[in-house]
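Laboratory data are not the source of any read-out in this text; all were calculated from the coordinates shown. If you're wondering where the values come from, they're calculated on a predicted model, not measured in any experiment. For neighbour counting, all protein chains shown are included, and Cβ atoms are generated from backbone atoms with ideal geometry for every residue, glycine included.
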Amino acid sequence: MLHLGGLARLYPILGIVNHYHKKVIVMWTYRCYDDGQRTNLWKEWYDGHSDYQGSHDSIFNTLEQQQQWGMPHTKVLHVGKETIVEVRIKGDVQHRILGFYSPTKRGEFVVLATCNHKERVYDPPDILQTAVKRKKDIIANKAKANPCARPV
């Protein structure tokens, strides 16, 4: 048996023998775009959509256990030369949390906007362009996105 410290002594009791996998735990953090009018656009959306809070919480609980986010809960959108990540909140109305992964901090998601989505139509209609503009603003000036907690 491999020597893995005190935990290794418990492995036979737990039924684990000669297997050790290093597990990397990513603690996701968040920042939210500061439009100068609202303190936290993500929390404002969350508080205004009580029917979707359970779905939102379940999806983010799942995502936060993963190092890499992917389908079916997220999709990478290509808007011109920029990439925007949409987190998909399912329900009668398809809500989206739009953002991007921080280029400077692993495990950080920056929230840019919220919207509705049906087929290929976003509401508001120009939200993808708004998200790209906000992303560029944040890349140029990190202070445009404040640290924020995920709404729960």
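Write down Rg/Rh for region 17-152, rounded to two decimals, with Rg from the C-alpha atoms and Rh from the Kirkwood relation over Cα pairs. Write down the numbers at each step before the final one.
On the way: Rg = 15.4 Å, Rh = 15.6 Å.
Radius of gyration relative to Kirkwood radius: 0.99.
Kindly put Val152, Val79, Val110, Val85 in sequence by how many other C-beta atoms sit within 10 Å of each C-beta, fewest to most. Numbers along the way, then the final one.
Working: Val152 10, Val79 13, Val110 25, Val85 20.
Ranking Val152, Val79, Val110, Val85 by Cβ neighbours within 10 Å, fewest first, gives Val152, Val79, Val85, Val110.
By the scheme Lys and Arg +1, Asp and Glu -1, what is the net charge of all other residues having a beta-carbon under 13 Å from that of Ser58?
On the way: positive: Arg88, Lys90, Arg150; negative: Asp57, Glu64.
Net of charged neighbours comes to +1.
At a 10 Å Cβ-Cβ cut-off, how would you order Cys32, Cys115, fewest neighbours first?
Working: Cys32 25, Cys115 20.
Least crowded to most crowded, the residues run Cys115, Cys32.
Rounded to the nearest 5, what % of DSSP beta bridges with both residues in region 25-148 are antiparallel? Please list the in-between numbers first.
Numbers: 26 of 30 bridges.
Percent antiparallel among DSSP bridges in region 25-148 is about 85.
Each residue of region 66-78 in order: what ³J(HN,Hα) in whole Hz does its phi give by Karplus 6.51 cos²θ - 1.76 cosθ + 1.60, θ = phi - 60°, with x for Gly and Pro?
10, 6, 10, 7, x, 4, x, 8, 9, 9, 8, 9, 9
Spin-label point model (7 Å from Cα, Cβ direction): what's the Asp35 to Ala149 distance in nm?
Once both label points are built, they end up 2.3 nm from each other.
Within 12 Å, Cβ to Cβ, of Arg38, how many net charges do the neighbouring residues add up to if Lys/Arg are +1 and Asp/Glu are -1?
Working: positive: Lys43; negative: Asp34, Asp35, Glu44, Asp47.
That sum, taken over residues with Cβ under 12 Å, equals -3.
Under the rule of at least 5 residues apart or a separate chain, name every residue whose amide H is placed under 5 Å from the amide H of Glu108.
Close amide H contacts, sequence-distant or interchain: Thr29, Ser102.
List the aspartates and glutamates whose Cα lies under 17 Å from the Cα of Lys118, skipping any in the same chain that are fewer than 8 positions away.
Qualifying aspartates and glutamates at Cα under 17 Å: Glu86, Asp92, Asp126.
At 0.36 nm per residue, minus the direct Cα-Cα distance, what do Glu64 and Lys118 gain on full extension? Give it in nm, one decimal, please.
Values: separation 54, 0.36 × 54 = 19.44 nm, distance 2.57 nm.
Fully extending the segment from Glu64 to Lys118 adds 16.9 nm.
Where does each of His78, His49 land when they are ranked from fewest to most other beta-carbon atoms within 10 angstrom? If you can, show how the numbers build up before the last one.
Values: His78 8, His49 17.
If I rank by nearby Cβ atoms, fewest first, I get His78, His49.
Leaving out same-chain residues fewer than 8 places away, which aspartates and glutamates sit with a Cα under 16 Å from that of Lys142?
Asp34, Asp35, Glu108
Pull out the extension gain between Met71 and Lys105, defined as 0.36 nm times the separation in residues minus the alpha carbon to alpha carbon distance; nm, one decimal. Each step should come with its number before you reach the end.
Details: separation 34, 0.36 × 34 = 12.24 nm, distance 2.21 nm.
Working it through step by step, the gained length comes to 10.0 nm.
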